[in-house]
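No lab work stands behind these numbers, since they all come straight from the coordinates. Remember, it's a predicted structure, so these values are computed and weren't measured experimentally. So basically every Cβ, Gly included, is an ideal-geometry build from the backbone, and we count neighbours across all protein chains shown.
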Amino acid sequence: MTKPAKILQYVSVALALALLFGTAYLLWVVVTQLLKFLANANPSVSAAVVGAMATVLVGVGGALYTQAQIKRREIEDAHRSRKVEIYKGFLDVVAKVMARTNEKVSLEPISDQALVDFLVEFKTNIILWASPKVINAQLNFEKVSSSGGNSLIAVDQLYKAIREDIGLSNRSLDKHQLIKMYLSDPDEMDRASASNSSLQRTSLTSHR
């Protein structure tokens, strides 16, 4: 930093400190004079002044609170827009993966390498932007997929966590309803679940 720039910086800091102390001193003088006035004034006048001050303070406080709420909503909306962008990318990739097994879908299937690259980027994004529920659902999806479990059910749970994170309700959705939207035969999901439950009961019975 050049010498003139340093001098300008020091002057700016000095002016800022002077303004701060000047404002604090002026406020102290005003409060002191006001207290003296209230101490010597007629009680009815003092009450009126205090009431007026309370009204002003409440009004200022309300305005500041409103501004803070507006700012908070703006930040939340910005975060939500970013989350929607990230999650939309994930949904698009899942649709391309499912297109591999559906000849009727004209989407270009995604390559294995492109899928791996996307998932690495997606994990980074959800660490920064997603809710804990979405992160847990993603980890559960990876665990189920690597262990040979029903990955469709895990994806459905992840979808619900994603919807909840961007403020959407899952209250009226039936079980596995989201993932069924991608299946050519939605009832296939129910049959697979029923078959898995039957196999589990048979396995338990055989071990008794």
**OP:** Take the Cα gyration tensor of the stretch 8-167, multiply each eigenvalue by 5, square-root it, and list the three semi-axes largest first, rounded to whole angstrom.
**Re:** 62, 21, 13
Original post:
Over the stretch 92-185, how many percent of alpha carbon pairs lie in each 5 Å bin up to the one with the longest distance?
Top reply: 2, 13, 19, 25, 23, 14, 4, 0
Original post:
Pulled fully out, how much extra length does the chain show between Asp185 and Val13, if you take 0.36 nm times their separation in residues and subtract their Cα-Cα distance?
Top reply: 54.9 nm
Subject >> Selection of trypsin sites (Lys or Arg not before Pro), the stretch 84-134, meeting DSSP coil and at most 16 other Cβ within 10 Å >> reply: Lys104
Original post:
Could you give the nm distance between label points at Val97 and Val56, where each point is 7 Å from its Cα heading toward the beta carbon?
Top reply: 6.3
**OP:** Would you mind checking the pairs Lys143/Lys180; Lys71/Lys180; Lys88/Lys175; Lys71/Lys96 and listing those with alpha carbons more than 32 angstrom apart?
**Re:** Lys71/Lys180; Lys71/Lys96
Subject >> Using a Förster distance of 41 Å, the FRET efficiency for Ser146-Arg80 (Cβ separation, nearest 0.05) >> reply: 0.85
